[in-house]
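Everything on this sheet refers to the single structure shown next.
The values are calculated or read from the model by the stated rules, or taken from the named source; none is laboratory data. Values in this document were obtained by computation on a predicted structure and should not be read as measured data. We place every Cβ from the backbone using ideal geometry, glycine too, and count neighbours over all the protein chains shown. Note: accessible area is taken over every heavy atom of the protein model, side chains too, but ligands, DNA and RNA are not part of it. Shrake-Rupley method; radii C 1.70, N 1.55, O 1.52, S 1.80 Å.
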Amino acid sequence: MTVLFCDLANSTALAERLGPEHMHTLLNRFFALALDAVHRYEGTINQFLGDGFMALFGAPLAHEDHARRAVLAAVALQRALQDHHAELGEPYGVTCAFRLGLNTGLVVVGSIGNNLRMDYSAIGDTTNLAARLQQLAEPGTILVSDATRRLVEGAVHLEALPPAQVKGKTELVTPYKVVGIRSQRSPLARHGDRVLSQFVGRERELAALVETLEQAESGQGQVVGIVAEAGSGKSRLLYEFRQRLAGRRVTYLEGRCLSYGCAMPYHPIIDLLRNNCGITDTDGPETIAGKLQGALHEVGLDVEASAPYLLQLLGVKEGTEPLAALTPEAIKTRTFETLRQMSLHGSQQRPLIVEIEDLHWCDNTSEDYLAWLVESVVGAAILLLLTYRPGYRPPWLDKSYATQMALRHLAPQESATVVRSARQHHALPEPLEQIIITKAEGNPFFLEELTRAVLDHADAVADVAVPDTIQGVLMARIDRLPEASKRLLQAAAVLGRAFSPHLLEMIWDRTSLLAPLLLDLTRLEFLFERTSAEGPMYVFKHALTQDVAYESLLTIRRQALHAAAGQALEMLYAPRLEDAYDSLAYHYARTDNVAKAVAYLTLVAKNAARNSAHVEAITHLTQGLELLQTLPATPERSQQELVLHIALGASLLATKGQAAPEVQQTYARARQLCHYLEDPQQLFPVLRGLWNYYQVHAELQTAYTLSEQLLVLAQQVQDPGMLPAAHRASGSTLSYMGEPASALTHLMQGIALHAPSSSAPLCSSMGRTPA
């Protein structure tokens, strides 16, 4: 989410000058303006802080564009304060200036307090940095962090300021000053100066759009709906289509529905009208009126009769006097008709293409107008292009001249092309490229963002959190679910990408029936059902959705669900628990039950080593050792640590070889633990591992000392299997030290003690010894 802090600069001096009553009046007016600006962009003011406030964007309801909303709210507030200066400082002969700071990141949000008072608040480093930026800002300015900058790039004009030291941060922080808002026609603008990745996998859809345009040009109007999930390339397809129109005699108008525009009537229609008339953000009322009248005259409409309705739509008061006597319903109907006639008359001069993106966010009035326009398209040279996400059902789909085009996921080879294009000249190992392709699952936007995240932050996708850009898109969709469905999706995310409904039911809190919720999540395409040998299974449609749902759980809730999953698996697999060792290790390793976690990790590692999967064994053993460090130092902990180190040493020998420094470090620690525990039985494999290391490194004196200790230990323990190995170690080292006679003596003794069927290693050592 994005946190915004705002306060009145020099408030102490102002309060002293104005007195408490006037200061109270001034702040009341300031807070009223602030509430209006913040609520307009669906933010929440959660704290009033004397002479300022703290606002949250992205909570309690997640928005994929929370950073942009927050910056727009900050700019709107800044303009409102300037416009209402006469009501603020001017009556008291003072100048009021406000400072704003914004930062984006992960926070914990919730109610804080007791039964007497409850505050909804956000806690974490994200909040602290936003407050520091507000303190750093000059009066009358807005500062944003680098994290916020990345998310609003392309939508806002920013100016980088010199890096500054802020309290609580060891490294310097680069603040960015908000200079202004860019006019944004397409989501592609958010990429800023980035080069677009190669266009692949949509050639068939592009050809279909060209074909529908040809039909529209012949007077057979067409409506095309492009439906796909966020990031699938709807905007890019339309961009490429527009590039194909170079030199073609058509009028192309663009409009966009905004995520915060549901309560803003006509918003995309106003976008189209401004686009058609060439109206810019800097145009004043007179200029707007002049451009509108020119556009109406150009298409042959009665300017005097038509202009008042469209001027009112554009927010211009002068020239709308004739509307005062009309009812709102009459104004709406005539506005619709004026807009429709403008399109129809324009299409008679040359074919008209109308593009409106993100129709799932459309306001009701605009939706009504589009339905009105669609009825007239059939006999006109008009191509209406509309994009929306799954879940939105347009009312015009049943028309014979309407087509719905669904964008599929990119194929693996097409995904690879996008990744290579996004990384440009940067090198990326092929295995890492494949991980990105697997995680993104053919979504072009996810492919690009994951590639950039890997290049910017880590050497593997596993080390990179889901980028903010992707997380915002997915979390906003999850957050729009009913509470029970959202909680179930989060619980399912703990079980993994695929899960059985029976296991989910065992960890579900049973506050709601499971079956209807699963059906709803399947209908909304969060999950899909498949059959397996073990019965029905549910699978997250997108792996990144599972990641985001999982990360949205607070640690305590997440641990509780993992513990419940572990207990459920122990019940389900009681007769054959070894089949669930992997899952049990995974779940208990994410709880505070370290004992069970280490026990299952050890068993999984043992099975892996038995099957020569030593890399996996090392991963599990290392995780077990890390968990053990969270427990108090006791003999029991040391005993567990010793077992893990001995097993780790054997797997390191198998994967990295006897000369690896990790081998020496592992066995050296195991040796310390053996002496601490006074455990000679387990000391033998430890000394033997160290002997191997020093022997390979030609540190023969150390190796010989270790071989002598092996002999002494074998005689003390009186284990028949230890003595032959100890004699072989001594003989081998003495051979390398140039003492063949002594070496032969040890090797002969080893052969005499060794079983006949397994004397080959000793014999081969003797064969290498010079006699």
- Checking A324, A289, A307 in turn, the sole residue that is closer than 21 Å to L370 by Cα and either in a loop (DSSP other than H, G, I, E, B) or out of contact with any Lys or Arg (no Cβ under 9 Å at 6 or more places or on another chain) (or both) turns out to be A307
- Query: Which of (1) out of contact with any Phe, Trp or Tyr (no Cβ under 8 Å at 6 or more places or on another chain); (2) open to solvent by 30 Å² or more (accessible area, probe 1.4 Å); (3) modelled with pLDDT of 90 or more; (4) closer than 16 Å to L481 by Cβ is the odd one out, the single condition S552 does not satisfy?
  - Reply: (3)
- Task: May I ask you to list the residues in the stretch 493-530 that are part of a helix (DSSP H, G or I) and among the polar types (S, T, N, Q)?
- Result: T522
- Item | Pairs with Cβ under 7 Å, 6+ apart, first in the stretch 410-423 and hydroxyl-bearing (S, T, Y), second crowded, with 17+ Cβ neighbours inside 10 Å | S415/I437; S415/A440; S415/G442; S415/L447; T417/V200; S421/S197
- Note on the structure: Reported set for the stretch 235-250 where residues are at pLDDT 90 or above and either touching a helix residue (DSSP H, G or I) at 6+ places or on another chain (Cβ under 6 Å) or under 24 Å from S197 (Cα atoms) (or both) is S235, R236, L237, L238, Y239, E240, F241, R242, Q243, R244, L245
- Message: Within the stretch 38-62, take every residue that is under 21 Å from the mean Cα position of the chain (by Cα), open to solvent by less than 20 Å² (accessible area, probe 1.4 Å) and at pLDDT below 90 and give me the one that is nearest to V179 (Cα to Cα).
- Response: G58
- List every residue pair whose Cβ atoms lie under 9 Å apart, where the two residues are 6 or more positions apart in sequence or sit on different chains, the first residue falls within the stretch 13-30 and is closer than 14 Å to T95 by Cβ, and the second residue, located anywhere, is among the polar types (S, T, N, Q). L18/T25
- Which residues, taken from the stretch 511-536, are buried (at least 18 other Cβ atoms within 10 Å of the Cβ) and either in contact with a Phe, Trp or Tyr (Cβ under 6 Å, 6 or more places away or on another chain) or over 21 Å from L447 (Cβ atoms) (or both)? L517, L518, L521, L527
- Answer residue from the stretch 476-510, given it is in contact with a His (Cβ under 9 Å, 6 or more places away or on another chain) and more than 21 Å from P536 (Cα to Cα) and is surrounded by the fewest Cβ atoms within 10 Å (Cβ to Cβ) among those: D479
- Item | Residues located in the stretch 594-636, provided they are of a type in the set (A, V, I, L, M, F, W, C) and not in a helix (DSSP H, G or I) | A613, L631, A633
- Report the residue count in the stretch 208-260 for those that are closer than 17 Å to R350 by Cα and aromatic (F, W, Y). 1
- Among the residues of the stretch 158-201, write down those that are open to solvent by 60 Å² or more (accessible area, probe 1.4 Å), in a strand (DSSP E or B) and either under 17 Å from L129 (Cβ atoms) or modelled with pLDDT under 90 (or both). A160, K177
- Task: Provide a single number: the residues in the stretch 488-520 that are under 19 Å from L569 (Cα atoms), out of contact with any Gly (no Cβ under 8 Å at 6 or more places or on another chain) and among the hydroxyl-bearing types (S, T, Y).
- Result: 0
- Message: Can you tell me which residue is modelled with the lowest pLDDT among those in the stretch 394-436 that are open to solvent by 70 Å² or more (accessible area, probe 1.4 Å) and of a type in the set (S, T, N, Q)?
- Response: Q424
- Message: Return the residues of the stretch 266-286 that are open to solvent by less than 50 Å² (accessible area, probe 1.4 Å), part of a loop (DSSP other than H, G, I, E, B) and not aliphatic (A, V, I, L, M); say none if nothing qualifies.
- Response: Y266, G278, D283, G284
- So I436 fits all but one of (1) more than 16 Å from A543 (Cβ to Cβ); (2) in contact with a helix residue (DSSP H, G or I) (Cβ under 8 Å, 6 or more places away or on another chain); (3) not polar (S, T, N, Q); what number is the exception? (1)
- Item | Failed criterion for G300 (all others in (1) under 43 Å from the mean Cα position of the chain (by Cα); (2) under 19 Å from G346 (Cα atoms) hold) | (1)
- Message: Criterion first (of a type outside the set (V, I, T), assigned to a helix (DSSP H, G or I), modelled with pLDDT under 75 and over 25 Å from P661 (Cα atoms)) does S757 satisfy it?
- Response: yes
- Item | Count of residues meeting criterion [of a type in the set (D, E, K, R), in contact (Cβ under 8 Å) with a residue 24 or more places away in the chain and open to solvent by 50 Å² or more (accessible area, probe 1.4 Å)] in the stretch 631-672 | 1
- Can you name the residue in the stretch 437-457 that is outside any helix (DSSP H, G or I) and open to solvent by less than 30 Å² (accessible area, probe 1.4 Å) and, of all such residues, is farthest from T469 (Cα to Cα)? G442
- Note on the structure: Residue hits (the stretch 5-37; surrounded by fewer than 14 Cβ atoms within 10 Å (Cβ to Cβ) and of a type in the set (A, V, I, L, M)) are A13, A32
- Task: Sort out which residues of the stretch 722-738 are buried (at least 21 other Cβ atoms within 10 Å of the Cβ) and not in a helix (DSSP H, G or I), and write them in order of number.
- Result: none
- Criterion (among the aromatic types (F, W, Y), touching a Phe, Trp or Tyr at 6+ places or on another chain (Cβ under 9 Å) and under 30 Å from T469 (Cα atoms)) met by exactly one of Y581, Y600, Y586: Y586
- Every residue from the stretch 239-265 that is in contact with a Ser or Thr (Cβ under 8 Å, 6 or more places away or on another chain), surrounded by fewer than 21 Cβ atoms within 10 Å (Cβ to Cβ) and either in a loop (DSSP other than H, G, I, E, B) or hydrophobic (A, V, I, L, M, F, W, C) (or both): P265
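Suppose we keep only residues that are in contact with a Pro (Cβ under 7 Å, 6 or more places away or on another chain) and in contact (Cβ under 8 Å) with a residue 12 or more places away in the chain within the stretch 515-544. Which one would you say is farthest from A580 (Cα to Cα)?
In this case the residue turns out to be E525.
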- Residues in the stretch 557-564: is at least one out of contact with any Cys (no Cβ under 7 Å at 6 or more places or on another chain), over 14 Å from A492 (Cβ atoms) and not in a helix (DSSP H, G or I)? no
- With respect to G319, is the statement that it is farther than 26 Å from S259 by Cα, part of a loop (DSSP other than H, G, I, E, B) and open to solvent by less than 50 Å² (accessible area, probe 1.4 Å) true? yes
